[in-house]
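Here, each number is a calculation from the coordinates, and none is a lab measurement. Predicted, not measured: the structure shown is a model, and the values here were computed from it. For neighbour counting, all protein chains shown are included, and Cβ atoms are generated from backbone atoms with ideal geometry for every residue, glycine included.
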Number of protein chains: 2
Amino acid sequence: MAAAPKYPAVLSFEDARHVVEEHALNLRHLGMERVGVLDSSGRVLAEALAADRDFPPFRRAARDGYAVRAADLEQIPAILQVVGEIRAGSSAAEPIDIGPGEAAAIMTGAPAPPGADAVVMVEHATLQGARLQILRGIEAGANIVPLGAEARRGEQLLPSGIRMDHAAIAVAASVGKDHLLVYAKPRVAVLATGDELVGITASPGPNQIRNSNSYSLAAQIHAVGGEPILLPAAPDEPSRLRELIAEGLKADLLLLAGGVSMGKYDLVEQVLTAFSAEFFFTGAHIQPGHPIVFGRCGAGAPAREKPGAAKYFFGLPGNPVSTMVTFELFARVVVEALAGMAPRKLIFLHAKVKTEIKTRTGLRRFLPGVLSGEFEHAEVELVRWQGSGDIAAAARANCYVVVPPDRERIAAGEWVAVLTR
Amino acid sequence: MAAAPKYPAVLSFEDARHVVEEHALNLRHLGMERVGVLDSSGRVLAEALAADRDFPPFRRAARDGYAVRAADLEQIPAILQVVGEIRAGSSAAEPIDIGPGEAAAIMTGAPAPPGADAVVMVEHATLQGARLQILRGIEAGANIVPLGAEARRGEQLLPSGIRMDHAAIAVAASVGKDHLLVYAKPRVAVLATGDELVGITASPGPNQIRNSNSYSLAAQIHAVGGEPILLPAAPDEPSRLRELIAEGLKADLLLLAGGVSMGKYDLVEQVLTAFSAEFFFTGAHIQPGHPIVFGRCGAGAPAREKPGAAKYFFGLPGNPVSTMVTFELFARVVVEALAGMAPRKLIFLHAKVKTEIKTRTGLRRFLPGVLSGEFEHAEVELVRWQGSGDIAAAARANCYVVVPPDRERIAAGEWVAVLTR
């Protein structure tokens, strides 16, 4: 809230996001390690994976049916002689050779035999004994994946810098990698601030609340590939705050939660300034999360207390829903970049509005919503909430409805963007 | 493919999904355990969480600004006297009492002082010394969240049976739970079948491929809260297949991958029948994944080999992309039900088609796609692929485009459903 002149600006959501993405582009990973392929799920690949052979390694049947010579089906109905069966993995010493007028039963995934140039689907043929009747013609090449059509030996299948998911794990397994190089997880320090905070097992006094933000942030950091480091909550008092920020700046990224309200921010700002802080923005036109702060410590002139190289920090607003949303919108891409990923654009998919949405213009809003419906009939409606302090409403929601700043009403049945969790 | 009369049917996608959901509804969890709150991420909550106090526990300021008596602003401009400052967490022995004509500076999250019934946003007031000028009126209650408005003490905040994510973890932390009861992870056996399969570190012969399906399934099972148990790949040979299926049926769910092609399925069927298998469906009108099989062993008449209670199994088609997609569409909801979750409807969000999609009618298709664009301008296009054996294409994709069975063309700019990963 403290809009001192040296602070650049309260930016639009899009501009704020782009500022973060630009900085994320220049971040480097923090080392590498080797893990078993199954332990790589969620980690970021630190080596390119190439095909160790042609894929497929043989002309692969794409359907159950009959391997034929397409030329034999120019006149239909055609009658062919079935001369054998080809099963996937069969290692017959003498492969069946399909001559004119011949066919072989073949299974999906099996190698097409020499001589055959198409596979007739089992549904399109009638077998009586070894006599196969086919009622429709076929093009040469139909239902056969050519050797090397998916990838040639040596061709790159996956670049480094992607997050490993089940499909990427299948690629690694298919090229024989049981261990993979992945980037080290960035250590992300979490520092909740505020005199009102007590530990989660404490009995809060009447004006106190439990520190839930450190826990939700830890879960979010972990989910996107970081290693959370939870610092004790900081009181609104300079010397202890300074100690804890110094501790946090030893990590690869520092997330402050809270301390961006009027009055409190002066204190956080003063302490950060002692660490040569630059501020890239001190707010974004969003709700929740308006007072989001993004900056970097220790990159400028030498400061009295400079714990190491330049470190980025976010000041995430301390209202719990604001903390959750601003992590997803801004901090996540920095955690991912430190984890070795190329910064990704934020993409919101859409659903139809179930119940009219009314709000005010001026801010881009991310409002807790619930998706319902089934299959392609997805609908979304807002949950009743009491604002960005309402953790229970956020937990009842399963997405955030993204309302553009120029809309004060979205009618039932309109498409609307949603940020999923 | 073997449509023997005792097998019920090849179902539409929707019917097949509903059959699975009905069975999932009757599944029970497999026990409980206690975990630390941060270790609960991704687990399924086995206890309801209730508010241990009113939320908020005091009348909470929702904005930075000034706590006032709304009646004082009936005549504007109004001039008020600022009598103090209220910070979140302050434990002043004597709370400030706001009398007529008075105001107090207040921070977001701080308790509204006695006497005040609204908070004027800092942007709407001008302070000179202790003299506050306000140019617009306000309604009583504005920018104050009433005590207990989010939840009353004792009220349920989260039911059991939900998957813990960062927002649910924030709820747990806010009510003082540092440990939680969660349901046990179901053990899910994975049995890839086929003579063509070799281990991932082996050098495959010309007609062999590495078993990647066990690895992608393990990652998918793990991601949705199951404990994968990878069995050795089974050859197309009855006695070893019988041994391995018996082993798999000791787990809580058995996923067979492969063995649903023409010819091979006869063998798998014969072995499963010896375990009193019932088959609920043996195919769905989808691509990839058409020959998907869903059934249950050991619930019917006593069988020669019955390793325990009734166990569900899926026969997932062995083409790698089919295996991945059919897990998401069908097997996942059973893993989740065994993990204690209430079965969820499948919901596909939407994006705009970037490049015209052409296909054939008759099957619901789940085609590997790539989302691009930014913010609400999400677009999707198909990746070039060589069919459901093309693992590399699936890994280049980041979603599947869902094409209804009656569409053979979807124009650029149309909305289309996507299944995200």
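What number, in percent, do you get for the relative contact order of chain A if the mean sequence gap of Cα pairs under 8 Å and at least 6 apart is divided by its residue count? Reported as a whole number, the value is 17 percent. Helix-only arithmetic for chain A: the sum of -39500 (n - 2.57) across DSSP H runs with n ≥ 4, divided by the residue total, places the mean residue ellipticity at 222 nm at -5000 deg cm²/dmol.
Using a 7 Å projection from Cα along Cα-to-Cβ, the label point at B:Thr273 is separated from the same position in the remaining copies by 8.4 nm, smallest value first. Equivalent-ellipsoid semi-axes for the protein assembly as shown (Cα gyration tensor, √(5λ), whole Å, largest first): 58, 26, 25. Listed by chain and number, the lysines whose C-alpha is less than 27 Å from the C-alpha of B:Lys177, apart from same-chain residues fewer than 8 away, are B:Lys185. Amide H contacts for A:Ala116 (H built 1.01 Å from N in the peptide plane; partners 5 or more residues away or on another chain; cut-off under 5 Å): A:Ile98. In nanometers and ordered shortest first, the copy-to-copy spacing of the A:Met121 label point, defined 7 Å from Cα toward Cβ, is 6.0.
Under 5 Å between amide hydrogens, built in the peptide plane, is the criterion, and for A:Leu158 it picks out A:Leu49 among residues at least 5 positions away or on other chains.
Per-residue mean of foreign Cβ neighbours for B:100-111 is 4 (Cβ atoms of other chains, 10 Å radius).
Classify chain B as rounded, prolate or oblate, taking a ≥ b ≥ c as the square roots of the eigenvalues of its Cα gyration tensor: rounded when a/c is under 1.5, otherwise prolate if a/b is larger than b/c and oblate if not. Since a/c reaches 1.5 and a/b is larger than b/c, the shape of chain B is classed as prolate. In terms of packing, defined here as the mean over residues of other Cβ atoms within 10 angstrom, the peptides A:156-162, A:75-81 line up highest first as A:156-162, A:75-81. Put the Cα centre of region B:161-224 next to the Cα centre of region B:82-151 and the gap is 51 Å. Mean per-residue shielding of peptide B:83-90 is 5, counting Cβ atoms of other chains within 10 Å of each Cβ.
Each Lys or Arg adds one and each Asp or Glu takes one away; over the other residues whose Cβ falls under 13 Å from the Cβ of B:Gly42, this sums to 0. Annotation: the residues A:Ile106, A:Ile410, sorted from fewest to most other C-beta atoms within 10 Å of their own C-beta, follow the order A:Ile410, A:Ile106.
Distant-in-sequence amide contacts of A:Val198, defined by a placed amide H-H separation under 5 Å and a gap of 5 or more residues or a different chain, comprise A:Ile209, A:Arg210, A:Asn211. Under a Cβ-Cβ cut-off of 14 Å, what is the net charge of the residues other than A:Leu127 that fall near it, where Lys and Arg count +1 and Asp and Glu count -1? Residues near A:Leu127 contribute -3 overall. 3J(HN,Hα) along region A:362-379: x, 10, 7, 10, 10, 9, x, x, 10, 7, 9, x, 8, 6, 6, 8, 7, 10 Hz, from the Karplus curve 6.51 cos²θ - 1.76 cosθ + 1.60 with θ = phi - 60°, whole Hz, x for Gly and Pro. Per-residue shielding of B:380-386, expressed as the average number of other chain Cβ atoms within 10 Å of the residue Cβ, stands at 2. For A:Lys264, the lysines whose Cα falls under 25 Å of its own Cα, not counting residues fewer than eight places away in the same chain, are A:Lys6, A:Lys250, A:Lys306, A:Lys311.
Computed over region B:60-145, relative contact order equals 44 percent, with contacts defined as Cα pairs under 8 Å that lie 6+ residues apart.
Dipole check for chain B: with +1 at the C-beta of Lys and Arg, -1 at the C-beta of Asp and Glu, and the Cα centre as origin, the magnitude is about 880 Debye.
Converting phi to 3J(HN,Hα) with the Karplus coefficients 6.51, -1.76 and 1.60 and the offset θ = phi - 60°, region B:110-115 yields 7, x, 5, x, x, x Hz in sequence order, with x at every glycine or proline. Each residue in A:His285, A:His124 was given a count of other beta-carbon atoms within 10 angstrom of its own, and listing them fewest first yields A:His124, A:His285.
Rounded to the nearest 10 degrees, the inclination of helix A:264-273 to the longest alpha-carbon principal axis of chain A is 80 degrees. Give the angle, between 0 and 90 degrees and rounded to the nearest 10, that separates the Cα long axis of helix A:13-25 from the longest principal axis of the Cα atoms of chain A. Between the helix axis and the principal axis of chain A, the angle is about 70 degrees. Applying the Karplus relation 6.51 cos²θ - 1.76 cosθ + 1.60 with θ = phi - 60° to region B:79-89 yields 3J(HN,Hα) values of 10, 10, 9, 7, 9, x, 9, 10, 9, 4, x Hz, where x marks Gly and Pro. Taking B:Gly31, B:Gly226, B:Gly176 as the candidate residues, the one with maximal mean-square fluctuation in a Gaussian network model of chain B, Cα springs under 10 Å, is B:Gly176.
Each of B:Thr282, A:Thr326, B:Thr420 was scored by other Cβ atoms within 10 Å of its Cβ. Listed from fewest to most, they are B:Thr420, B:Thr282, A:Thr326. Near A:Met341, once Lys and Arg are set to +1 and Asp and Glu to -1 for all other residues with Cβ below 13 Å from its Cβ, the sum equals +4.
May I ask for the distance between the Cα centers of region B:313-338 and region A:17-60, given as a whole number of Å? Cα centres, region B:313-338 to region A:17-60: 25 Å.
Among residues of chain A, the one whose Cβ lies closest to the rotation axis carrying chain A onto chain B, together with that distance rounded to whole Å, is A:Leu349, 2.
Compared with the dominant principal axis of the Cα atoms in chain B, helix B:238-248 is inclined by about 20°.
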